[in-house]
Amino acid sequence: MSQTARNRPDLPPEIARRRTFAIISHPDAGKTTLTEKFLLFGGAIQMAGQVRAKGEARRTRSDFMAMEKDRGISVSASAMSFDFKEFRFNLVDTPGHSDFSEDTYRTLTAVDAAVMVIDGAKGVESQTQKLFEVCRMRDLPILTFCNKMDRESRDVFEIIDEIQENLAIDVTPASWPIGVGRDFLGCYDILRDRLELMDRADRNRVAESVEINGLDDPKLAEHVPAQLLEKLREDLEMARELLPSLDMAAMHEGSLTPIWFGSAINSFGVKELMDGIANYGPEPQIQSAEPRQILPEEPKVSGFVFKVQANMDPKHRDRVAFLRLASGHFTRGMKLTHVRSKKPMAITNPVMFLASDRELAEEAWAGDIIGIPNHGQLRIGDTLTEGEAIRVTGIPSFAPELLQGVRAGDPMKAKHLEKALMQFAEEGAAKVFKPSIGSGFVVGVVGQLQFEVLASRIELEYGLPVRFEASQFTSARWVKGDRQAIDKFAESNKQHIAHDHDGDVVYLTRLQWDIDRVDRDYPDITLTATKEMM
Ligand code: GDP
């Protein structure tokens, strides 16, 4: 049996060999470096450093991107595909900054697993914790990479304890570091009984790998100084007693994470991690949908949009919708049904983001991510199928936590502003509400920084200076109920009512008291803080 079709023997080999995952980490832990090494070992780039170089070139393109760089955040996410051994890896990039958590959440609906990178000296940091919690909501399997072991780092048991305590997940060591900081020598590969020795002289060289016949093998002493060897034996014995071993079921349901130790910049431990993703990372999973779930092995193609990126090329006002294929074998030119509008769509120029550049996707399989250029028909949460009226579920839109009013600097440009705002709303970059009383818009975001990003994007992409100003409202809720009840409610609460970009009725609130009052006075109305995108 092929190694790829482990727990789903019915999967066609092309699907079984796919691994679609994201990397989650706190800024500076080494996500970019690790991505570069993935691509290097995936044969996608000849030299490490190109990702960063390319990133820089792209960033200097505009003030907005410069701002992104200044802040050290990555606002635009994309997907990269590359091969590793007999596997096809799809790495979906997640925006790192906490202000973009909603975007991140949706990105994580498109992957089957996550790699969590932590800094060996810093352990679990705030952003790691937040992103981890998002993964937890979806029970995503997590593989952990403890990076920067070439520097002074914490004690291994301490790191593992911290993960177990702070994240409430069991940890099983897949490798064990030998020596710390300057004395870091390499790792003992617990899963395969091998010694991996780091080469400090050549950062792009793959570690020397020595097969070992258990911890008593005399070969160990040839490579590891006596003192370190003694500590390794002690540590591993203790680890065996205290820590669980690798249980695939527990890992796949997200309650156990294997941890690898390494140094991304020295290319060390990266291959072992990639082997881990290949061998233990899940293949494309079953997708929840209404009225039935979708199995990846179904012959008919289906997929859902989890991200829309507008204005990737400022000269063309096109957008790219990122589609995760949930089932089937897609070929270029296929006609798919856009379930929301029931209209057919010929997908003639889909793109795949191979590490080097975007390329036309001639074919794709369940698990893959393709970009579909379009003029706004495709929205986040949309499902495409070969005709069946099926709708992928679980892609939420969250109520914003910050609201501000927005006006065009030039009042004559109000229509322009509306267009720009609607586009950002469809992209998922912000919530836009049109109050039923008065002019202007209320924009809702999850983090303050999003206002600044929006203002500079509107100016840059639409040539429209805008002003954000304080709003009397602090939060928003979607109004659910039958048509009549909603109409009646809206009529008698006009000063609180607005419509979102889909035309859905929203109740803008100032205080929790407002929400309590509605709950009390309108039993046939429900206010919700999330809405399923469709
Ligand atoms: P990101 O913010 O998570 O994408 O982190 P980067 O990949 O940009 O890395 C942050 C910094 O840590 C950079 O200066 C890297 O060169 C450095 N770095 C990454 N991996 C390692 C490593 O294994 N060892 C050491 N010493 N530094 C590393």
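We did not get these values from a lab; they are worked out from the coordinates using the rules stated. Not measured: the values here are computed from a predicted model. Quick reminder, even Gly has a Cβ in these numbers, built from the backbone with ideal geometry, and neighbours come from all protein chains shown.
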Total charge of the residues flanking Leu191 in space, meaning their Cβ is under 11 Å from its Cβ, with Lys and Arg +1 and Asp and Glu -1, is -2
Rg/Rh of the range 196-305 (Cα atoms, Kirkwood Rh), to two decimals, equals 1.12
Calc'd 3J(HN,Hα), the range 483-497, phi into Karplus 6.51 cos²θ - 1.76 cosθ + 1.60 (θ = phi - 60°), Hz, glycine/Pro = x, comes to 3, 4, 4, 5, 4, 5, 4, 5, 4, 8, 10, 3, 5, 9, 8
In whole Hz, the Karplus estimates of ³J(HN,Hα) for the range 376-388 (6.51, -1.76, 1.60; θ = phi - 60°; x where Gly or Pro) are x, 5, 8, 10, 4, x, 5, 10, 10, 9, 8, x, 5
Over all viewing directions the Cα convex hull of the range 217-367 casts an average projected area in nm² of 14.6
Descending packing, highest mean Cβ count within 10 Å first, for 291-299, 253-261 is 253-261, 291-299
In whole percents, the bins of 10 Å from zero upward hold the Cα-Cα pairs of the range 399-532 as 12, 45, 30, 11, 1
Cα-Cα longer than 31 Å, checked against Lys85/Lys130; Lys413/Lys494; Lys31/Lys415; Lys122/Lys431; Lys85/Lys343; Lys307/Lys335, kept in input order, equals Lys85/Lys130; Lys31/Lys415; Lys122/Lys431; Lys85/Lys343
Between Ile515 and Met238, the two model label points (7 Å from Cα along the beta-carbon direction) sit apart by a distance in nm of 4.6
Under 5 Å from the placed amide H of Ala121, counting only residues 5+ away or on other chains, we find Arg154
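For the range 415-485, state the average projected area of the convex hull of the C-alpha atoms over all orientations, rounded to one decimal in nm². Write down the numbers at each step before the final one.
On the way: hull surface 23.2 nm².
Its average projected convex-hull area is 5.8 nm².
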Here the range 459-468 yields Karplus 3J(HN,Hα) values (6.51, -1.76, 1.60; θ = phi - 60°; whole Hz; Gly and Pro given as x) of 5, 6, 8, 10, x, 10, x, 10, 10, 8
So for R0 = 45 Å, FRET eff. of Lys488-Met412 from the Cβ-Cβ r, to 0.05, ends up at 0.75
Packing-ranked peptide list from 339-351, 368-380, highest mean Cβ count within 10 angstrom first, is 368-380, 339-351
Interchain or sequence-distant (5+) residues whose placed amide H lies within less than 5 Å of the amide H of Phe145 are Met116, Val117, Ile118, Trp260
Among the Cα-Cα pairs of the chain, the proportion with separation greater than 32 Å, in percent, is 48
Amide H contacts under 5 Å for Val301, restricted to residues at least 5 apart in sequence or on another chain and with H modeled in the peptide plane, are His329, Glu386
Longest principal axis of the chain (C-alpha) makes with the long axis of helix 31-41 (C-alpha) an angle, in degrees to the nearest 10, of 60
One point scatterer per Cα, no solvent, Debye formula: log10 I(q)/I(0) for the range 289-392 at q = 0.10, 0.11, 0.13, 0.19 Å⁻¹ comes out as -0.24, -0.29, -0.41, -0.89
